[in-house]
Amino acid sequence: MTNQNKKTIAVVGATGRQGGGVVRALQEQGIFRVRALTRHPERHPGLADEVVGADLTRPETLAEAFAGAHGVFVVTNFWEHHHGEIEQCRAAVEAARAAGVDHFIWSTLPNVEAISGGKFEVPHFTEKAQANAIVSAAGFPHHTFVEAPFYFQNLLTMMGPMPQEDGSRAWVLPLDPSVRCVHMGDIDELGSVVAGAFANPEKVGHGEILSLCGSLVSFDDVAAAYRTQGQEVGYRQVPAAVFANFFPGAGEIAEMLGYFQAHTYMGPDAEAKIALARSVATRPATDLVSWLGANLPASGSAS
């Protein structure tokens, strides 16, 4: 089959972490023609078979972006505006329905409010989950949900061990370090799950949720993984109320970690969602120790 005869998958956020991984996985898979969608197509020539301008906050750009597409992958960025994901999802769904898209894949997260009975408030999880209903009600021939894990990459940036007064490095978090509750993974590998879903709509195209996970770990496990790379790191648990004052936005992080400890990152049906993702993924997920071995700087993680 020539490239022009392949069905087209349009990928929202093609220059970001999730969308970029989807573009690369689809290209590697070779089944579909890939249309990369970005707000600045002129900056990214050659990123995919097509590079087209699109912006979820400007719904008028989506008709052309989705025209003739067989499938669409959509991811939104809560941290960019701290709201509006439901509206962006609705705009994408409406445009995709109008374009006759067959398979719509929405990048979501567990509904913390529902899972915890309202005990924890984590908007950047729950808002994505609340948009699931819009996708399910749209009547696409096929639709799938994918869930990203806690990024391994976070351990080298905002969630890495921090320098302490005694010269050591440690995590200082409101989470019991012995509780194995954090589903982690290489976010660049979410694309392998998405590509597998587009290739297997009969298996996972009926509203199934596929969760990427490389390792389910405690922070004791994370510290041990650092030690396998010759790095000594510590951990200090602090009350959530104390942590909430550490920096702007720390309150929501404290709520999120409290939810993890009570219900795990992926929630009560995690094992089934992870198994389903692994059953269609185009390559196995990397585990934490292997990822750190390939990515942990010799001088330690960034502060």
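Bear in mind these aren't lab numbers, they're just calculated from the coordinates by the rules spelled out. Remember, predicted model here, so these are calculated numbers, not experimental data. With ideal geometry, Cβ positions are generated from the backbone for all residues, glycine too; neighbour counts draw on all protein chains shown.
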Here, Ala137 and Glu28, labelled 7 Å along Cα→Cβ, have an inter-label distance in nm of 3.8 nm
Mean-square fluctuation maximum in Gaussian network of the chain, Cα pairs under 10 Å, restricted to Leu292, Leu212, Leu26, hits Leu292
For Glu208, the residues 5 or more places away or on another chain with a placed amide H closer than 5 Å to its own amide H are Phe145
Residue-ordered couplings for region 10-26, obtained by feeding phi - 60° into the Karplus form 6.51 cos²θ - 1.76 cosθ + 1.60 and rounding to whole Hz (Gly and Pro as x), are 9, 10, 6, x, 5, 9, x, 5, 6, x, x, x, 5, 4, 5, 5, 5
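Could you order the peptides 265-275, 238-248 from most to least packed, using the average number of other C-beta atoms within 10 Å per residue?
Per-residue mean Cβ counts within 10 Å order the peptides as 265-275, 238-248.
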Looking only at lysines whose Cα falls under 20 Å of Lys7's and that sit 8 or more positions away or on another chain, we get Lys203
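Report the relative contact order of region 191-300, percent, no decimals, based on alpha-carbon pairs under 8 angstrom and at least 6 residues apart. Present the calculation step by step, with values, prior to reporting the outcome.
Values: 82 pairs, mean separation 50.3, N = 110.
46 percent.
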Under the 7 Å Cα-to-Cβ spin-label approximation, Phe247 and Ala294 lie apart by a distance in nanometres of 2.7 nm
One finds the C-alpha centres of region 124-163 and region 219-235 to be spaced, in Å, by 27 Å
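Please give the net charge around Glu121, taking every other residue with its beta carbon less than 15 angstrom from that of Glu121, where Lys and Arg add +1 and Asp and Glu add -1. Kindly include the intermediate steps, with their values, before the conclusion.
Details: positive: Lys119, Lys128; negative: Glu113, Glu127, Glu252, Glu255.
Result for the neighbourhood of Glu121: -2.
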Here region 154-162 yields Karplus 3J(HN,Hα) values (6.51, -1.76, 1.60; θ = phi - 60°; whole Hz; Gly and Pro given as x) of 4, 5, 9, 10, 6, 10, x, x, 9
Summing -39500 (n - 2.57) over every DSSP H run of at least 4 in the chain, dividing by its residue total and rounding to the nearest 500, the 222 nm mean residue ellipticity is -10500 deg cm²/dmol
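So what's the net charge close to Ala138: Lys and Arg +1, Asp and Glu -1, counting the other residues with Cβ under 13 Å from its Cβ?
Working: positive: Arg90, Arg97; negative: Glu94, Asp102.
Result for the neighbourhood of Ala138: 0.
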Here region 271-286 yields Karplus 3J(HN,Hα) values (6.51, -1.76, 1.60; θ = phi - 60°; whole Hz; Gly and Pro given as x) of 4, 5, 5, 5, 4, 5, 4, 5, 6, 10, 4, 7, 7, x, 6, 7
